[in-house]
Amino acid sequence: MKKLLFILATLILTACGSPLEGTYSDKLGLVEYEFRPSGKVYMRTLGTETEFNYRVDGNKVIIELPNEGNQVFKRLENGNLQGPLNISLEKKK
């Protein structure tokens with residue numbers, strides 16, 4: 001019974017999307033996104049840092065931009081993120 005409850009809980013959490021953790025940047029290093037499991041993402045560009053909320057829905061990472069709508073990235077099989085205007089973000093090691 002405990003094993004069944006564990007499996008169900010795992011499936012429910014997986015269906016909701018697992019949070020991202022880590023720092024992603026474009027190839028030139030001009031833009032950097034630091035995702036935290038708390039649902040916060042810190043975007044850094046040109047010496048400026050801005051905090052936003054994000055959520056994961058399947059293979060989509062949705063960054064909530066106040067007064068601008070959402071920025072949606074697709075989580076690729078290799079772990080990178082593909083975004084609007086073909087922006088590619090690689091996870092920094």
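The criterion of being aromatic (F, W, Y) and at pLDDT below 95 holds for F6. Residues that are open to solvent by less than 40 Å² (accessible area, probe 1.4 Å) and under 10 Å from the mean Cα position of the chain (by Cα) were ranked within the range 54-65; the one that is farthest from Y42 (Cα to Cα) is V56.
Exactly one residue among E21, E68, E51, E34 is open to solvent by 90 Å² or more (accessible area, probe 1.4 Å), modelled with pLDDT of 95 or more and either of a type outside the set (K, R) or in contact with a Lys or Arg (Cβ under 8 Å, 6 or more places away or on another chain) (or both), and that residue is E51. L81 meets the conditions (1) open to solvent by less than 50 Å² (accessible area, probe 1.4 Å); (2) at pLDDT below 95 in every case but one. The failed one is (2). Restricting the range 37-48 to residues that are modelled with pLDDT of 95 or more and of a type in the set (A, V, I, L, M) leaves a set whose member that is surrounded by the most Cβ atoms within 10 Å (Cβ to Cβ) is V41.
The values are calculated or read from the model by the stated rules, or taken from the named source; none is laboratory data. It should be emphasised that the depicted structure is a prediction, and the values quoted were computed from it without experimental measurement. Glycine also receives a Cβ, built like all others from the backbone with ideal geometry; neighbour counts cover every protein chain displayed. Note: accessible area is taken over every heavy atom of the protein model, side chains too, but ligands, DNA and RNA are not part of it. Shrake-Rupley method; radii C 1.70, N 1.55, O 1.52, S 1.80 Å.
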